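What follows is one structure encoded as structure tokens, with my remarks underneath.
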Amino acid sequence: MYCRICGTEQDVEFRGGNRGALCASCAKDTPRKAGRAAFDAAYWKGAGIVPESTKREFYSDYRSSTHTLAEYIERTTSAVM
């Protein structure tokens, strides 16, 4: 089993709260994650029709990030100038 954040095979365990398989170091730095339904409701509200493959990819990226849901939404929806 590999850590979904850093890829190591050492000290990896399946963690609760939708975080998945993480090593001890990444588990310490990774907050509990929202479930898919809660993520979709918060992230895609008002976005119109979004392909399921795109939704899956963003949720997977969120789960492997070290951000809370609010932080992830802010960092991935802010305009870059």
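The values are calculated or read from the model by the stated rules, or taken from the named source; none is laboratory data. Please read all numbers here as calculations on a predicted model, not as lab measurements. Every residue, glycine among them, receives a Cβ derived from its backbone with ideal geometry; neighbour counts consider all protein chains shown.
Has the stretch 32-47 got at least one residue that is loosely packed, with under 11 Cβ neighbours inside 10 Å, among the aliphatic types (A, V, I, L, M), modelled with pLDDT of 90 or more and out of contact with any helix residue (DSSP H, G or I) (no Cβ under 6 Å at 6 or more places or on another chain)?
Pass one, the stretch 32-47, residues loosely packed, with under 11 Cβ neighbours inside 10 Å: 37, 45-46.
Subsequent filtering for residues that are among the aliphatic types (A, V, I, L, M) retains 37.
Next, from what is left, pick out any that are modelled with pLDDT of 90 or more: 37.
Cutting the leftovers down to out of contact with any helix residue (DSSP H, G or I) (no Cβ under 6 Å at 6 or more places or on another chain) gives us 37.
Yes, the stretch 32-47 contains a residue that is loosely packed, with under 11 Cβ neighbours inside 10 Å, among the aliphatic types (A, V, I, L, M), modelled with pLDDT of 90 or more and out of contact with any helix residue (DSSP H, G or I) (no Cβ under 6 Å at 6 or more places or on another chain).
Can you name every residue in the stretch 25-46 that is under 17 Å from SER65 (Cα atoms) and small (Gly, Ala, Ser)? Break it down into steps so the answer makes sense when it comes.
Of all residues in the stretch 25-46, those under 17 Å from SER65 (Cα atoms) come to 25-36, 38-40, 42-43.
Within the stretch 25-46, SER25, ALA27, ALA34, GLY35, ALA38, ALA42 meet the criteria.
Counting only residues that are surrounded by 10 or more Cβ atoms within 10 Å (Cβ to Cβ), of a type outside the set (A, V, I, L, M, F, W, C) and outside any loop (DSSP other than H, G, I, E, B), how many does the stretch 48-81 have? It would help to see each step written out before you state the result.
Of all residues in the stretch 48-81, those surrounded by 10 or more Cβ atoms within 10 Å (Cβ to Cβ) come to 50, 54-76.
Keeping just the survivors that are of a type outside the set (A, V, I, L, M, F, W, C) gives 54-57, 59-68, 71-72, 74-76.
From what's left, outside any loop (DSSP other than H, G, I, E, B): 54-57, 59-63, 71-72, 74-76.
Selection size over the stretch 48-81: 14.
Is there a residue in the stretch 18-28 that is among the hydroxyl-bearing types (Ser, Thr, Tyr), surrounded by 11 or more Cβ atoms within 10 Å (Cβ to Cβ) and more than 12 Å from the chain's Cα centre (by Cα)? Don't jump to the end; show me each part of the working.
So the first thing to find is which residues in the stretch 18-28 are among the hydroxyl-bearing types (Ser, Thr, Tyr), and the list is 25.
Narrowing the set further to residues that are surrounded by 11 or more Cβ atoms within 10 Å (Cβ to Cβ) leaves 25.
If we keep only those that are more than 12 Å from the chain's Cα centre (by Cα) too, we end up with 25.
Scanning the stretch 18-28 turns up at least one residue that is among the hydroxyl-bearing types (Ser, Thr, Tyr), surrounded by 11 or more Cβ atoms within 10 Å (Cβ to Cβ) and more than 12 Å from the chain's Cα centre (by Cα).
Collect the residues in the stretch 6-33 that are out of contact with any Lys or Arg (no Cβ under 9 Å at 6 or more places or on another chain), at negative phi and part of a loop (DSSP other than H, G, I, E, B), keeping them in residue-number order.
CYS6, THR8, GLU9, GLN10
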